[in-house]
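Structure record follows, encoded as structure tokens.
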Amino acid sequence: MTTSPIERAADSFAAELARHRTGRGLSKKQLATLMGFDPSYVSHVEGRRHRPTEDFARRAEAVLEASGAIWQRFREYDELRHGRSKPPHRDHPLPGQWMPPGTGLIVERELATLAHLGDGYRCVIRRELYNAGTEPVTRYLVRVAVDRYPNDPGRSNRHHRERPLTFAELRLRAFRDDGGEPEPMHWRAKHDRDAFKEIWLLFENADGRFPLYPGDRVTIEYEYRVGQDKWGPWFQRAVRLPTRRLAVRLDLPVELDPQVWGVETSLSAEEGPLRTQVHRHQEGDRAVFDWETVDPPLNARYRLQWRFRSQPPEPEPDASAAGGRVRASERMRGLGIVQRGADLLRQPSRQFDLPRDERTAREIVDRLSAALVRLDELHPFSKGVGIAAPQLGIDWAAALVRPPDRTADPIVLLNPRLVDASAETDEQYEGCLSFFDHRGLVPRPLRIDVEHAQRDGGRIITSFEYAMARLVAHEVDHLEGRLYVDRMTSGVPLVPVEEYRESGTPWRYCRGTGPRAPGGRGTRPGWGRNVSEGAERVVPDVRRRDLVLGERPQSGPDHPGRAGDIAVVRRPGAVPADHVGDVALLAVEARVLAACRGHRQPRVPGHQFLEPRQAVQVLRARAP
């Protein structure tokens, strides 16, 4: 029962939000998309599981056009939350405003065009901006990233290290267009790396300044060129500000017979095909591919990829002779990564007092970013990668997490705290920079909600799912003095990195399915996956080679379960198998590598029983 005034105020906010949402005929998911939030967060706020933030309240007020009702409920809650202290002054958002964190900018429309010019590519970005904030905007941040071999990170890193992208070859130009004569915009470099540039476009030139004031609109356009030897066959757009409409165009030569497809991803969803079709038409000797989306969620990324069917595939480089092998942990130590056994890795990290410690936080994040760049040169990290401040010998609660998409911006976590997690879990193999010689099978929730601080002292809650949930949870553990071995099931062995066979491949998840219901046919993530088209793969055991990982041939009395399920099967003459449930149970001298689903067998002296998904993961990781 709600008794305190602050709880009643939070309930009033949630009720007001639900009333206006249903009045507009919007589902929680639709409202979340319009606001740029994860769908689960809206559900948690309405369900009183999360407290509203200022950013959330402003966006809800703007999207639902509640005439100030939602904002008023938030102010009532906020004043109670601050207690006797005077609450900070906040201007009421005007109808139609959408208040993103930070700048208050909205991208009303973006058209990004990439043209193949024979010896390289010309990129033109045109954005219609609206200042929905309360301060004038004097600069705008843009990014240029190249990746010559997106499917081979190590090769791409070496390539760009030897042939770095330069500002001179970019020939960057930018203009401001407010309906009159376009004004050239000056620019200033922010970050200059081999394959990545960050650039401030300045609302000024030699003739004067022209800030974008609150309530004003302007169109900016910038263009640059990249040689064919540095630009790979992809073009990606990332949604970093609230965006109403995003359009992408590829202009490619017909004679090269281009084939184009696209994928999209976000912080809460793994990579999947574009939800809307790419349209092709021909203009003379050019094949033009157009794609568009409306109201894309914040942090979403859309990538168009292509191949030229009239050109032969590029040959792979000759493998050079390897010298003396250096242990993986020694390579990490050489980069300054603190290794397992250090006391600092077992101590809770010091919390920032923000905004007072903002400068310290910024410096630490910069050090973590530089370390990530160096790490990407040593290892592909196709599953994504994170690094926590204690791993660099820094006793502060800061971490960076780079998603599996190598071109994505890392997620900054300051003073993170896990506030909610799904009951549904899965187990995947994880590595750790602080003991990189092994991999371990770790159970984690499939979704987590993490409260973390912003540099101005505000706190927000972000939801992560699947791979991002696993990466973020791993780093939060570091900041609390835990390592992933603390979460492994008792008795499950670590796998030496030399025996691990999943490097270079992302974690696997079954989307849209849940735990098996009584009598149901659902599967859990990681279960019921096919290994190959009817193929079997020998799984070496420490003492014998009796186990084979392959597809179940058919269902029936001798093969219970569904055809195509992964099964641990025995070779002729091997140890007898007892098929129970969907995964076969085999006993071997050293261990039992699988157990039945939903039924735990009695322990046999000298044998170790694992859950089916643990067995499948062990078999996958050890299979040659």
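Just a few scattered comments:
- Breaking point among (1) assigned to a strand (DSSP E or B); (2) open to solvent by less than 60 Å² (accessible area, probe 1.4 Å); (3) in contact with a Pro (Cβ under 9 Å, 6 or more places away or on another chain); (4) not aromatic (Phe, Trp, Tyr), for Glu271: (2)
Quick grid of which residues meet (1) touching a residue at least 12 places away in the same chain (Cβ under 8 Å); (2) part of a strand (DSSP E or B); (3) open to solvent by 30 Å² or more (accessible area, probe 1.4 Å):
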{"residue": "Thr134", "(1), (2), (3)": "yes, no, yes"}
{"residue": "Leu141", "(1), (2), (3)": "yes, yes, yes"}
{"residue": "Val144", "(1), (2), (3)": "yes, yes, no"}
{"residue": "Asp147", "(1), (2), (3)": "yes, no, no"}
{"residue": "Phe175", "(1), (2), (3)": "yes, yes, yes"}
{"residue": "Glu181", "(1), (2), (3)": "no, no, yes"}
{"residue": "Trp200", "(1), (2), (3)": "yes, yes, yes"}
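- Of all residue pairs spaced 6 or more apart or on separate chains, those with beta-carbon atoms under 7 Å, a first member in the range 110-124 that is farther than 12 Å from Ala247 by Cβ and a second member that is hydrophobic (A, V, I, L, M, F, W, C) and open to solvent by 10 Å² or more (accessible area, probe 1.4 Å) are Gly120/Trp231; Tyr121/Ala115; Tyr121/Trp231; Arg122/Ala115.
- Count of the range 441-470 residues which are over 17 Å from the mean Cα position of the chain (by Cα) and buried (at least 21 other Cβ atoms within 10 Å of the Cβ): 3
- Any hit, the range 434-443, residues being among the small types (Gly, Ala, Ser), out of contact with any Cys (no Cβ under 6 Å at 6 or more places or on another chain) and more than 30 Å from Tyr149 (Cα to Cα): no
- Looking only at the range 15-37, and only at residues there that are part of a loop (DSSP other than H, G, I, E, B) and either of a type in the set (Phe, Trp, Tyr) or in contact (Cβ under 8 Å) with a residue 60 or more places away in the chain (or both), the one that is least open to solvent (accessible area, probe 1.4 Å): Gly36
- Exclusive hit being closer than 19 Å to Gly334 by Cβ and modelled with pLDDT of 85 or more, set Arg374, Arg367, Arg402, Arg350: Arg367
- Every test in (1) farther than 21 Å from Ala453 by Cβ; (2) open to solvent by less than 40 Å² (accessible area, probe 1.4 Å); (3) among the hydrophobic types (A, V, I, L, M, F, W, C) is passed by Val365 save one, and that test is (1).
- Here Ser463 passes the criteria (1) part of a strand (DSSP E or B); (2) touching a strand residue (DSSP E or B) at 6+ places or on another chain (Cβ under 6 Å); (3) at pLDDT below 90; (4) over 21 Å from His44 (Cα atoms) except the one numbered (4).
- Taken over the range 380-401, the criterion of being surrounded by 21 or more Cβ atoms within 10 Å (Cβ to Cβ) and part of a loop (DSSP other than H, G, I, E, B) is satisfied by Gly384, Ala397.
- Only one of the numbered conditions (1) modelled with pLDDT of 90 or more; (2) farther than 28 Å from Asp178 by Cα; (3) out of contact with any Ser or Thr (no Cβ under 8 Å at 6 or more places or on another chain) is violated by Asp257, and that is (3).
- All positions within the range 231-244 that are open to solvent by 20 Å² or more (accessible area, probe 1.4 Å), modelled with pLDDT under 90 and not in a strand (DSSP E or B): Arg240, Leu241, Arg244
- Looking across the range 402-438 at every residue that is assigned to a loop (DSSP other than H, G, I, E, B) and polar (S, T, N, Q), the one that is least open to solvent (accessible area, probe 1.4 Å) is identified as Asn415.
- Taking the numbered list (1) crowded, with 22+ Cβ neighbours inside 10 Å; (2) modelled with pLDDT of 85 or more; (3) not polar (S, T, N, Q) in turn, Arg73 passes all entries but (2).
- Criterion violated by Ser40 - all others in (1) at pLDDT 80 or above; (2) surrounded by 15 or more Cβ atoms within 10 Å (Cβ to Cβ); (3) in a loop (DSSP other than H, G, I, E, B) satisfied: (3)
- Flag if Ala247 is closer than 23 Å to Ile106 by Cβ, open to solvent by less than 70 Å² (accessible area, probe 1.4 Å) and either at pLDDT 90 or above or among the aromatic types (Phe, Trp, Tyr) (or both): yes
The values are calculated or read from the model by the stated rules, or taken from the named source; none is laboratory data. Quantities reported herein were computed from a predicted structural model and do not represent experimental measurements. Glycine also receives a Cβ, built like all others from the backbone with ideal geometry; neighbour counts cover every protein chain displayed. Each accessible area value is taken on the protein alone, full model and side chains, heavy atoms only, with ligands, DNA and RNA left out. Shrake-Rupley method; radii C 1.70, N 1.55, O 1.52, S 1.80 Å.
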